[in-house]
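Enquirer: So that we are looking at the same thing, I have put the structure below in structure tokens.
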Amino acid sequence: MSTFQVEIVTPERKVYEETANMVSVTGVEGELGILPNHIPLVTPLRIAPVTIKRNGQVDVVAVNGGFIEVRKDKVVILAESAELARDINVDRAEAAKQRAQQRLGARQDEVDFRRAELALQRAMNRLNVSKR
Amino acid sequence: MAKGMRDIKREIKSKQNMKQITKAMEMVAASKLRRAQEAATQSRPYADKLKEVVASIAAGTKDVKHPMLESRPIKKTGYLVITSDRGLAGGYNANVLRKVTQTIKEKHKSADEYALFVIGRKGRDYFKRRNMPIIEEVIGLSDSPQFADIKSVASAAVKMFSEGAYDELYLVYNKFVNAITQIPSEIRLLPLEEISGGTSVASYEYEPSPEGVLEVLLPKYAETLIYSAVLDGKASEFGARMTAMGSATKNATKMINQLTLTYNRARQAAITQEITEIVAGANAQS
């Protein structure tokens, strides 16, 4: 089975580096499944889990604020933050979720609303990944 | 016992305490410097990759239009100044702040022509005292700053540029060269200069479109540049502190030696005097 290199990089460090068979991400335009020898592609990503399949094993990474660069033999995901399921602080994510929900309920001006919405998305994303 | 002796002894003691403190601070700074340098190295792949992708978009598509790439006539200038929260770092803060003040004095006539973003308590206090317009400030940054810590100030600085609040943005910080050398530098961050290095590795597909991708990437790119400047600034801070505390320790050692010498002289003089007195007393009796 052919494979390719997958890297996930944040401003702080390299979070993930493995040889994989398939990567599935959620781009701004919709879900993408990437297999080896994919056409070179660049697209921003939504706040969503990234799934990486390798040797029958599945890794899930919570990615926020990133984009993906696909080359023939390599996939690089650059993100503002990215966590593997085991690194996620569930309590913190839970707290963030409640805070965001409260803010959304309180109805303030538009900027705060957008911000709370994004925060909620991030928290939900983390919780989803940690539960997998 | 001569009266001066006790004073000298007290002085030696206090210098010794001071030396202990500066020595400890030097060592702490040294270990933090190593960590800061590591963080700076680890942040490099992200920035490099981002630059590569942005450059390849710019090279691939000839006429990309984006407000962040366009030079406008300059009416107002933004400065993002990176200082430290704590002092005792030699000329670290003073150098940067002098540079900013000088530039502002040369280029602007009134306070309406510039705006400041400040990272670090020292810088904030300095500008506040002088009643200069601070738009946003970040203080209490940890020693190994996370991207999330400076995200708000970075994105505010970038956003206000694209909204047209000012027409150029400068980054002023201490560039880290090595532990003893830090150069206060001023970099024009926005509008982004011609992103060169157009080595188009592969012709990419862009989703939704090259412009759409650029729209997302350029602000990220600028924020990343700010983040790496912050990391560089941190490394410089610890380097400067290490050097400053190192020379303070050296000076303390020198002073202690000098004082010890004086003390011993005084002690010897006191003993000699005592002997002379005893001998004189004995002579007088016989």
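Enquirer: Just to be sure I understand the model, the point goes 7 Å from the Cα along the line to the Cβ. What's the resulting A:GLN5 to B:ASN178 distance in nm?
Expert: Result for the modelled spin labels: 3.2 nm.
Enquirer: Would you kindly calculate the mean projected area, averaged across all directions, of the convex hull enclosing the Cα atoms of chain A, in square nanometres?
Expert: On the way: hull surface 33.5 nm².
Answer in nm², one decimal: 8.4.
Enquirer: Using R₀ = 30 Å, calculate the FRET efficiency as 1/(1 + (r/R₀)^6) where r is the Cβ-Cβ separation of B:SER209 and B:ALA165; round to 0.05.
Expert: Details: r = 27 Å, r/R0 = 0.91.
The calculated FRET efficiency here is 0.65.
Enquirer: Here's a follow-up. Calculate the length of the line joining the C-alpha centroid of the range B:79-94 to that of the range A:74-132, in whole Å.
Expert: 34
Enquirer: List the GluC sites (Glu not before Pro) within the range B:32-123 that DSSP assigns to loop and that have no more than 12 neighbouring Cβ atoms inside 10 Å.
Expert: Numbers: sites: B:GLU38, B:GLU52, B:GLU70, B:GLU106, B:GLU113; in loops: B:GLU70.
Passing sites in the range B:32-123 are B:GLU70.
Enquirer: Just the ratio, please: alpha-carbon radius of gyration of the range B:43-243 over 2.2 N^0.38 Å, N its number of residues. Walk me through the intermediate numbers first.
Expert: Details: Rg = 17.5 Å, N = 201, 2.2 N^0.38 = 16.5 Å.
Relative to the rule-of-thumb radius for its length, the range B:43-243 sits at 1.06.
Enquirer: Moving on. Normalised by the number of residues in chain A, what is the relative contact order in percent for Cα pairs under 8 Å and 6+ residues apart? Working shown, then result.
Expert: On the way: 276 pairs, mean separation 29.6, N = 132.
Contact order relative to length: 22 percent.
Enquirer: Summarise the partner chain shielding of B:44-53 as one whole number: the mean count of Cβ atoms from other chains within 10 Å of each residue's Cβ.
Expert: 4
Enquirer: Tell me the mean residue ellipticity at 222 nm calculated for chain B from its helices only (DSSP H runs of n ≥ 4, each -39500 (n - 2.57), averaged over every residue, nearest 500). Intermediate values should be presented prior to the final figure.
Expert: Numbers: 6 runs with 175 residues, N = 286.
Computed mean residue ellipticity for chain B: -22000 deg cm²/dmol.
Enquirer: Turning to a different aspect of this structure: Mean residue ellipticity at 222 nm from the helices of chain A, using -39,500 (n - 2.57) per DSSP H segment of n ≥ 4 over the full residue count, to the nearest 500 deg cm²/dmol?
Expert: Numbers: 2 runs with 39 residues, N = 132.
Roughly -10000 deg cm²/dmol at 222 nm, from the helical runs in chain A.
Enquirer: Label 7 Å along Cα→Cβ of B:ARG188; the range B:139-178 residues with amide nitrogen under 14 Å?
Expert: Those under the cut-off are B:167-171.
Enquirer: Kindly work out what percent of the DSSP beta bridges joining two residues of the protein assembly as shown are antiparallel, to the nearest 5.
Expert: Values: 43 of 65 bridges.
Among the beta bridges of the protein assembly as shown, antiparallel pairing accounts for roughly 65 percent.
Enquirer: Could you give the length gained by full extension between A:LYS74 and A:GLN101, i.e. 0.36 nm per residue of separation minus their alpha carbon distance, to one decimal place?
Expert: Working: separation 27, 0.36 × 27 = 9.72 nm, distance 3.84 nm.
Difference between extended and current length: 5.9 nm.
Enquirer: Here's another thing I want to ask about it. Determine, from the Cβ-Cβ distance of B:GLN20 and A:ILE39 and an R0 of 51 Å, the FRET efficiency 1/(1 + (r/R0)^6), rounded to the nearest 0.05. Write down the numbers at each step before the final one.
Expert: Details: r = 64 Å, r/R0 = 1.26.
After rounding to 0.05, the efficiency reads 0.20.
Enquirer: Spin-label point model (7 Å from Cα, Cβ direction): what's the B:MET255 to B:SER110 distance in nm?
Expert: Simple spin-label model gives 4.9 nm for this pair.
Enquirer: Regarding the protein assembly as shown, what is the average projected area of its C-alpha convex hull, in nm²?
Expert: Numbers: hull surface 123.1 nm².
Averaged projected hull area, Cα only: 30.8 nm².
Enquirer: Just the number: Rg to Rh for the range A:89-131, Cα atoms, Kirkwood Rh, two decimals. Walk me through the numbers on the way to the answer.
Expert: Working: Rg = 10.4 Å, Rh = 10.2 Å.
For the range A:89-131, the value is 1.02.
Enquirer: In which sequence would A:VAL28, B:VAL81 go, from the one with the fewest C-beta neighbours within 10 Å to the one with the most? Before the final figure, lay out each step's value.
Expert: Details: A:VAL28 14, B:VAL81 27.
Ascending number of Cβ neighbours within 10 Å: A:VAL28, B:VAL81.
Enquirer: Mind checking A:77-87 for the average number of partner chain beta-carbons within 10 Å of each residue's beta-carbon?
Expert: Values: counts 1, 9, 3, 8, 4, 0, 0, 0, 0, 0, 0.
Counting other chains' Cβ atoms within 10 Å and averaging over A:77-87 gives 2.
Enquirer: Between B:GLN268 and B:VAL28, take the C-beta separation as r, use R0 = 41 Å, and let me know the FRET efficiency to the nearest 0.05.
Expert: Details: r = 40 Å, r/R0 = 0.97.
It comes to 0.55.
Enquirer: Is there a pair in B:LYS15/B:LYS254; B:LYS76/B:LYS122; B:LYS76/B:LYS107 whose C-alpha atoms are over 19 Å apart, and which pairs would that be? Walk me through the numbers before you get to the answer.
Expert: Details: B:LYS15/B:LYS254 10 Å; B:LYS76/B:LYS122 24 Å; B:LYS76/B:LYS107 10 Å.
Listed pairs above 19 Å: B:LYS76/B:LYS122.
Enquirer: Also, quick follow-up: Give me Rg/Rg_expected for the range A:1-66, where Rg uses Cα atoms only and Rg_expected = 2.2 N^0.38 Å with N residues.
Expert: Values: Rg = 11.6 Å, N = 66, 2.2 N^0.38 = 10.8 Å.
Working it through for the range A:1-66, the quotient is 1.07.
Enquirer: Taking each residue in A:63-70, count the Cβ atoms of any other chain within 10 Å of its Cβ, then average. What number comes out?
Expert: Numbers: counts 0, 1, 4, 2, 7, 1, 8, 3.
That works out to 3 on average.
Enquirer: If you don't mind, there's one more thing I want to ask. Okay, which of the range B:83-119 sit inside 14 Å, backbone N to the point 7 Å along the Cα-Cβ direction of B:ASN131?
Expert: Only B:110-112 fall inside the zone, counting backbone N under 14 Å.
Enquirer: Follow-up. Answer rounded, prolate or oblate for the range A:55-109, using the Cα gyration tensor with square roots of eigenvalues a ≥ b ≥ c: rounded when a/c is under 1.5, else prolate when a/b is larger than b/c, else oblate. Write down the numbers at each step before the final one.
Expert: Numbers: a/c = 3.97, a/b = 1.86, b/c = 2.14.
Because a/c hits 1.5 or more and a/b fails to exceed b/c, the range A:55-109 counts as oblate.
Enquirer: For chain B, what is the relative contact order in percent, using Cα pairs closer than 8 Å and at least 6 residues apart in sequence? Don't skip to the answer; put the middle values down first.
Expert: Details: 396 pairs, mean separation 94.2, N = 286.
So the answer I get is 33 percent.
Each reported figure results from applying straightforward, stated rules to the coordinates on display, with no laboratory input. These figures come from a predicted structure and were not determined experimentally. Virtual Cβ from ideal backbone geometry, glycine too; neighbours counted across all protein chains shown.
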